[in-house]
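The values are calculated or read from the model by the stated rules, or taken from the named source; none is laboratory data. Small disclaimer: the values here were computed from a predicted structure and weren't measured. Cβ coordinates were reconstructed from backbone atoms using ideal geometry, including for glycine residues, and neighbour counts include every protein chain displayed.
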Amino acid sequence: MSLLPVAEALARMLDGIEPTGTETVPIIEAAGRVVASPLAALRTQPPWATSAMDGYAVRGEDVTSPAQLSVIGQSAAGHAFGGEVGEGEAVRIFTGAPLPAGADTIVMQENVETDGTTIRVPATARGRFVRPRGLDFSAGDELVPAGTRLGAATLALAAAMGHAQVPVRRKPRFAILATGDELVLPGEEAGPDQIVASNNYGVAAMVCAAGAAATDLGIAPDDKAEIATRLNEGIDAQADVIVTTGGASVGDHDLVQPVLKELGVEIGFWKVAMRPGKPLMMGRRGRQVFIGLPGNPVSALVCTRIFLVPMARALLGLPATESLLEAELGADLAENDQRQDHLRATLEDHGGRLVAAPFSRQDSSMLATLARSHALIVRPPHAPAAKAGTPCHYLPLEPGC
């Protein structure tokens, strides 16, 4: 089987993906969720004209020149003045309080002289420091479009609009299985020929950052029956995407592909023209997608960034693909071969110039290097040699959703 270009592999993965269904959650639980249908304001904000300053509410015609006014009461947030401001009168008012009937102007308290019941005010422009009714929004305004991922500002806006419950996309379910006799869990004692499993935790963290939910299926040894049992757990849990790490090649101990075939999974492709991450596999059974990631830690996480993050976004109804960003190359690079390269790199601001500096060693087992990286410099197949200082394209390592 020939190597599949990265763009074609991603297109095949995304082909036929439909957004998850809708569920309604309390707004306190909606942070980071994707709105499934537009949210319209259920109320007007502010619901009445309010003061933008601490001071005195007056009639504009009374303060066209310096004036002396009688204080007849006060208005505070949650405690409006119940009367009406007449000629020569003023009401003590606080920021956010409703403007009393008859008043249309606020005089700042710093500009007022008072003896408690009478104030002396300077000439003030009519309408000064008044927030009109509906300044922020009016009932019926659609302010949060479908497909919005709720951050702090949009979540606060939805609450101010009066929404106690929010319709959101169900989080895509990713079930993740690590495979290999050589793996032990963190905290367990490793044998002389074993290592600590890390891929499943990194993959879960990245897809969750993209808005998905992850289920850990644990570690399966190199045993077909055990692998099948764990995979069936993901199938029975109705995971949208079932991910394996390791065992996706064709060696004597690479058992994932034959087990998937026995479970009725139709293999869509295997081997992608990329580095790191060549032994990537994809298959389908019904609506469930099966992804076999390489076992090398960096390869697994780079493949997660390139393929699984877009899949999570597509399942949430968001644009799946991202445009590459541009920076200045921080080191000379040799000519590339037939595979698309993803070089781990730092990003630094050099006097207004964003410089992407690739690490000199790009071994696909080096998690410490990946953890110090900010970006993946993306080089297409057969890219010519490039000099430091020339433009390059990169993808942020952490998904921005």
- In segment 276-294, which residues are basic (Lys, Arg) and outside any loop (DSSP other than H, G, I, E, B)? Arg284, Arg285
- Note on the structure: With the first residue restricted to segment 191-209 and required to be within 26 Å of Leu316 (Cβ to Cβ), and the second required to be of a type in the set (Val, Ile, Thr) and surrounded by 15 or more Cβ atoms within 10 Å (Cβ to Cβ), Cβ contacts under 6 Å at 6 or more apart or on different chains are Asn199/Thr245; Asn200/Ile176; Val203/Ile176; Val203/Thr304; Ala204/Ile176; Met206/Thr304
- Task: Give me a count of the residues in segment 353-366 that are among the hydrophobic types (A, V, I, L, M, F, W, C) and at pLDDT below 95.
- Result: 1
- Task: Find the strands (runs of 3 or more DSSP E) located wholly in segment 80-123 whose residues include 3 or more that are surrounded by fewer than 23 Cβ atoms within 10 Å (Cβ to Cβ), assigned by TED's automatic domain parsing to the domain that holds Ser70 and modelled with pLDDT of 95 or more, and list them.
- Result: 118-121
- Message: Where the second residue is basic (Lys, Arg) and at pLDDT 95 or above and the first is over 19 Å from Pro66 (Cβ atoms) and lies in segment 114-142, which pairs have Cβ atoms under 9 Å and are six or more apart or on separate chains?
- Response: Phe137/Arg43; Ser138/Arg43; Ala139/Arg43
- Among (1) at pLDDT 95 or above; (2) more than 28 Å from Pro145 (Cβ to Cβ), the one test that Ser2 misses: (1)
- Failed criterion for Ser2 (all others in (1) free of Cβ contacts under 8 Å to residues at least 40 places away in the same chain; (2) out of contact with any Lys or Arg (no Cβ under 6 Å at 6 or more places or on another chain) hold): (1)
- Item | Residue identified as farther than 30 Å from Ile106 by Cα, out of contact with any strand residue (DSSP E or B) (no Cβ under 6 Å at 6 or more places or on another chain) and surrounded by fewer than 17 Cβ atoms within 10 Å (Cβ to Cβ) among Pro132, Pro172, Pro145 | Pro145
- Task: Could you please find all residues in segment 58-78 being crowded, with 19+ Cβ neighbours inside 10 Å, more than 19 Å from Gly96 (Cα to Cα) and in contact (Cβ under 8 Å) with a residue 60 or more places away in the chain?
- Result: Val63
- Among the numbered conditions (1) in contact with a Leu (Cβ under 7 Å, 6 or more places away or on another chain); (2) closer than 30 Å to Arg339 by Cβ; (3) not aliphatic (A, V, I, L, M), tell me where Asp62 comes up short. (2)
- Quick one: would you say Arg353 is touching a strand residue (DSSP E or B) at 6+ places or on another chain (Cβ under 8 Å), assigned by TED's automatic domain parsing to the domain that holds Asp254 and of a type in the set (Lys, Arg)? no
- Some residue of segment 327-344 being under 30 Å from Ile242 (Cα atoms), free of Cβ contacts under 8 Å to residues at least 60 places away in the same chain and over 19 Å from the mean Cα position of the chain (by Cα): yes
- Scan segment 298-354 residue by residue and report those that are β-branched (Val, Ile, Thr) and within 17 Å of Met281 (Cα to Cα). Val298, Val302, Thr304, Ile306, Val309
